[in-house]
Amino acid sequence: MKVVCPYCGFGCKLIIDPQTLTVRPYKGEPNKGRICPKGLYAMEFALSKDRIKKPLKREKNTLKPITWGQAIDEISHKLLEIREFYGPDAVAFIASSKTSNEENYLLQKIARLFGTNNIDNCARLCHEASVHALKMTLGTGAQTNPYEDLEKFGVIIIWGYNPAETHPVVVDYIRKAKERGTKILVIDVRETLTMRFADYKLIIKPGTDVVLANSIMHVIIKEELYNEDFIKKRTTGFSEIRMATMKYTPEYAERVTGIAASLIREVAREFALAGSGAIMWGMGVTQHVSGVENVLAIVDLALLLGYIGERGGLYPMRGQNNVQGAAYMGALSEFLPGYIPLDDEKFRKRVASLWGVNDLPTERGLYLTELWDAIERGDLMALYIVGENPAVSEANFARVRKALKKLDLLVVQDLFMTQTARYAHYLLPASSFCEKEGSYMNSERRIQWSEKVMEPLGDSKPDWEIFTMLGKALDLPGFNYSSVEEITEEYFRLFPELEERDIKELKESDGIFLPKKRLHTWEFAMPNGKARFVAVERIFPWENTNNDYPFALTTIRLINNYNTGEMALRSPSLVKLMGEPKAVISENDARRLRIKAGDLIEIATRRGKIRIKAEIGKIREGVIAIPFHFKANKLTNSALNKAGTPELKFSAARIRKLKTE
Ligand code: SF4
């Protein structure tokens, strides 16, 4: 059976034998016979003995099994009661970026028909800054080009992103490009595995990305290397960029970023003269208080050279396997499906009429990252969480755990007893990726069909079936679905590009791109058809380092782990490969603090401390990097950028040696 990998947003297809349940890679697009260890061992967590197999209800301090009928009945009654007393905005829903398009579509439909836009997903923690910046400049909020285009560009810039560990299969495209002569330029705060392919390695001081981008643009403008024709015909706002970047000389940038002025000049010329180029970026760009500005600067740089459409691409590489789909299906508190703003009355009414009501709520809902304060204020009484684990994934997680305890109703729908599920009043057992069918959208906006391999374990149910039961119990119109295809057909009707396509094509092909394979080839999705330069200035990290907290703490990902570890840590083969988590510090810092590799150290921030072993690595002096999958968020900083993403990549910290290995 052809199944979409349940891990990263690259979107590999796996071939799973229904008899032996063994996994091998799909030979077609997008993975072309490649796979990484996470995909290879995906069945291990799905078959884990830890799976929740019955609905559970908290009674005093224990969770007791109940029937599905009782669970849905009691949850819906409580939700309706809370709505009656406090209004619909006293309830919020967190959608899962690991569930299908159909399931995300249904959950946001439930939220909006219930009367609230309090629906969000973990895109808020990763690429929402990219969505905001791309919409502001180009009119669409997603990756512009397919992976295959990477092989044809002259230069690829990989910025704050480590695909060798986060999306291992995309590295094959990068490697092929390099073999063909593409220059690879990698920007990071440490020497990552991805830098093995780099022609240029730029080790940057954390939080100074705008300065670097503006300085590269400064060189390109000063040396008249920009694409005048493209700028004249297809953009607005160039004069503002020219003005704004004037003061960002490479010498100034060297002082701020730590990257030599001569290197900045060299890479600016290399990128400009290549004639075509892609920029790929990840959380190192977006998880800052300057996240939106960082992405705006990256887009400005691409526009300056006309590296959009046929001659270039922008690649905000998505984390979870369906985070792109969750966002596209409308599981965001500020957008309807298709990233359409809530105040687009024509579209909103169209959606409402498809759902059998007159209108939908128009006020922006709470961001996922705003929920915890809303609970503390007493504004939010009930939370319905699907497949997410905010008690570990949110910045400064102690405040999240405190807030979860205050809820009148917490429903968690998941495969496992996660750290978040420990606080639940009701725990609903969901089926895993291989026990249901449905469609998923990968980072390049390719919708792929995933087939069912086996029956749901125990009494678990596919998320769409649970939502159908809940929608009916809440007396919402149109929740009579008897198959997942009925939901696919319904969401197809929302997008003009899909109206003429059918599910058969989706099932039999290597996927359908929404809205199309390559964006912005002729015009931008802006009212005047032109892209807009938006000049940005440097924004300083929220926390200052000082004598008490002299280090900048950042978080990183490991190839054999994933998010909060709920899946990967239940895969014995991955656990064997992943080893112990370690904090990376620079040689000079280690020498100064008399720390050796393997020593136990304590890392403290203003929010708490953790113990972890030290690893001496090639990282900027003054920076510590720790894997985010474990307890990192006990330490991280919850200051938000304009898109609601926390500054997970910069917390002022101190370290001290506890014990020598
Ligand atoms: Fe799965 Fe991503 Fe690995 Fe592909 S690269 S097998 S999608 S985790």
key: Whole-number Å³ per residue for the convex hull built on Cα positions in the chain   = 147
ask   = Among the listed pairs Lys13/Lys57; Lys183/Lys530; Lys349/Lys516, which are separated by more than 27 Å between their Cα atoms?
value = Lys13/Lys57; Lys183/Lys530
Cα→Cβ-extended label distance, 7 Å offset, between Val575 and Glu499, nm = 5.3
key: Within the chain, helix-based [θ] at 222 nm, where runs of 4 or more DSSP H residues each add -39,500 (n - 2.57), nearest 500   = -9000 deg cm²/dmol
Value of Rg to Rh for region 205-294 (Rh from inverse mean 1/r over Cα pairs, i.e. Kirkwood) = 0.96
inquiry  = With both bridge residues required to lie in the chain, what share of the DSSP beta bridges run antiparallel, to the nearest 5%?
reply    = 45
key: Rounded to 10°, Cα long-axis angle of helix 68-86 versus longest principal axis of the chain   = 70
note = Most exposed to least, judged by fewest other Cβ atoms within 10 Å, Phe433, Phe513 sort to Phe513, Phe433
message = I want to check a number: in region 73-181, how many lysine pairs have alpha carbons closer than 20 Å, given a sequence separation of 8 or more or different chains?
response = 4
message = Considering only C-alpha atoms, what is the centroid distance from region 1-55 to region 469-496, in Å?
response = 27
message = Would you report the distance distribution of C-alpha pairs in region 551-659 as whole percents per 10 angstrom bin, up to the bin with the largest distance?
response = 15, 45, 32, 9, 0
key: Equivalent ellipsoid semi-axes, region 144-317, via Cα gyration tensor eigenvalues times 5, rooted, Å   = 23, 19, 15
Per-pair calculated FRET efficiency, R0 = 45 Å: Arg58 and Asp343 via Cβ, rounded to 0.05 = 0.70
key: trypsin sites (Lys or Arg not before Pro) within region 375-448, DSSP loop, no more than 13 other Cβ atoms inside 10 Å   = none
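Using only the Cα atoms, what convex hull volume per residue in Å³ does region 25-148 have?
192
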inquiry  = For the chain, take the longest principal axis of its alpha carbons; what is the angle in degrees between that and the long axis of helix 101-114, to the nearest 10 within 0 to 90?
reply    = 70
ask   = Based on DSSP, what percent of beta bridges with both residues in region 551-659 are antiparallel, to the nearest 5?
value = 65
query = Mind checking the angle between helix 291-305 and the chain's longest principal axis? C-alpha axes, 0 to 90 degrees, to the nearest 10.
reply = 60
ask   = With N residues in region 327-456, what two-decimal value do you get for its Cα radius of gyration over 2.2 N^0.38 Å?
value = 1.23
request  = Would you please give the FRET efficiency between Glu455 and Arg606, computed as 1/(1 + (r/R0)^6) with r the Cβ-Cβ distance and R0 = 56 Å, to the nearest 0.05?
outcome  = 0.70
query = Given H placed 1.01 Å from N in the peptide plane, which residues other than close sequence neighbours of Lys613 have an amide H under 5 Å from its amide H?
reply = Ala583, Ile601
key: Centroid-to-centroid separation of region 399-462 and region 191-246 [C-alpha atoms, Å]   = 41
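Rule-based calculations on the coordinates, nothing more; no lab input. The structure displayed is predicted, hence computed values, not measured ones. Here Cβ is always computed from backbone atoms with ideal geometry, including for glycine, and neighbour counts include all displayed protein chains.
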